[in-house]
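Step one of this worksheet: look at the structure below.
The values are calculated or read from the model by the stated rules, or taken from the named source; none is laboratory data. All of these numbers come straight from a predicted model, not from anything done at the bench. Methodologically, a virtual Cβ is constructed for each residue, glycine included, from the backbone with ideal geometry; neighbour enumeration extends over all protein chains shown.
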Amino acid sequence: MTHEPWTHQGLAVEYYFDPQTEKQILDFRNSIYQQGVRPVLGAMNDRPHISLAVFGRVDPQPLVNLSREFSRQLTPFEIQLSAIGVFPTEDNVLFLIPAANSRLLQVHAEFHELLKQEHIVCSPLYLPGNWVPHCTLEFDLSKAQLKKALQLSQAAFTPLKGTLVELGVVAFRPITYLADFKLGVE
């Protein structure tokens with residue numbers, strides 16, 4: 001039996017927003033906390049993001065290298081967070097939904113083609129055709145907390161326009177930012 005030196009439960013490759021959009025998302029999330037929703041994700045130093053792929057306990061270095069190279073081929077692009085959603089799972093995930101955007105879907109497909117070429121396997125939930133792009137606001141909420149968070153969000157949310165400007169690799173639980181790359185920078 002081999003010993004894996006990694007202390008994380010998993011890894012993710014994430015798209016990050018421009019600073020103004022990130023602040024708007026954090027402010028919105030904080031507003032529901034101020035009204036009684038218990039922070040879980042917010043207590044973990046989580047940056048608002050859209051995950052392109054999520055992985056189990058794997059060596060992070062190949063993902064860091066692949067993400068660095070892939071980010072150089074990309075340029076920032078606009079996105080609109082248009083709606084609020086909930087995944088029907090025990091995790092009670094509340095999230096913002098980006099409007100369907102051909103660029104986002106294209107980048108996602110291209111990234112997964114590179115993963116396939118490198119024989120790096122991600123969660124099937126993030127594969128093209130299965131992926132539900134989202135920006136998690138909160139998760140691991142009780143049913144009562146989810147109901148409250150959804151009601152508060154529905155009453156206060158207005159669509160946000162922003163720009164995706166960075167690609168990063170993160171280990172989670174605890175959240176550790178391993179690398180981030182500005183799009184289109186050599």
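Structure above, values below:
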{"quantity": "Entirely in the stretch 118-186, the strands (runs of 3 or more DSSP E) that have 1 or more residues that are among the aromatic types (Phe, Trp, Tyr)", "calculated": "160-172, 176-182"}
{"quantity": "Where a residue in the stretch 166-186 is in contact (Cβ under 8 Å) with a residue 12 or more places away in the chain and on the phi > 0 side of the Ramachandran plot and its partner, wherever it lies, is assigned to a loop (DSSP other than H, G, I, E, B) and surrounded by fewer than 20 Cβ atoms within 10 Å (Cβ to Cβ), with Cβ under 6 Å and at least six apart", "calculated": "Arg173/Gln9; Gly184/Thr75"}
{"quantity": "Residues satisfying the stated conditions in the stretch 36-89, i.e. of a type in the set (D, E, K, R), part of a loop (DSSP other than H, G, I, E, B) and closer than 25 Å to Lys161 by Cβ", "calculated": "Asp46, Arg47"}
{"quantity": "Matching residues in the stretch 124-156 - criterion: being aromatic (Phe, Trp, Tyr) and in contact with a helix residue (DSSP H, G or I) (Cβ under 7 Å, 6 or more places away or on another chain)", "calculated": "Trp131, Phe139"}
{"quantity": "Selected residue [over 15 Å from the mean Cα position of the chain (by Cα) and surrounded by 13 or more Cβ atoms within 10 Å (Cβ to Cβ)] from Leu66, Leu52, Leu94", "calculated": "Leu66"}
{"quantity": "Among the residues listed as Ala155, Ala149, Ala99, Ala179, the single one being out of contact with any strand residue (DSSP E or B) (no Cβ under 8 Å at 6 or more places or on another chain) and of a type in the set (Gly, Ala, Ser)", "calculated": "Ala155"}
{"quantity": "Among the residues listed as Leu66, Leu114, the single one being farther than 22 Å from Thr176 by Cα and out of contact with any His (no Cβ under 8 Å at 6 or more places or on another chain)", "calculated": "Leu114"}
{"quantity": "The stretch 163-176 - residue that is farther than 21 Å from Ala109 by Cα and touching a strand residue (DSSP E or B) at 6+ places or on another chain (Cβ under 6 Å) and, of those, surrounded by the fewest Cβ atoms within 10 Å (Cβ to Cβ)", "calculated": "Phe172"}
{"quantity": "Scope the stretch 138-186; condition within 17 Å of Leu41 (Cα to Cα) and aromatic (Phe, Trp, Tyr); matching residues", "calculated": "Phe139, Phe172, Tyr177"}
{"quantity": "Filter result (at pLDDT 95 or above and of a type in the set (Ser, Thr, Tyr)) within the stretch 159-176", "calculated": "Thr163"}
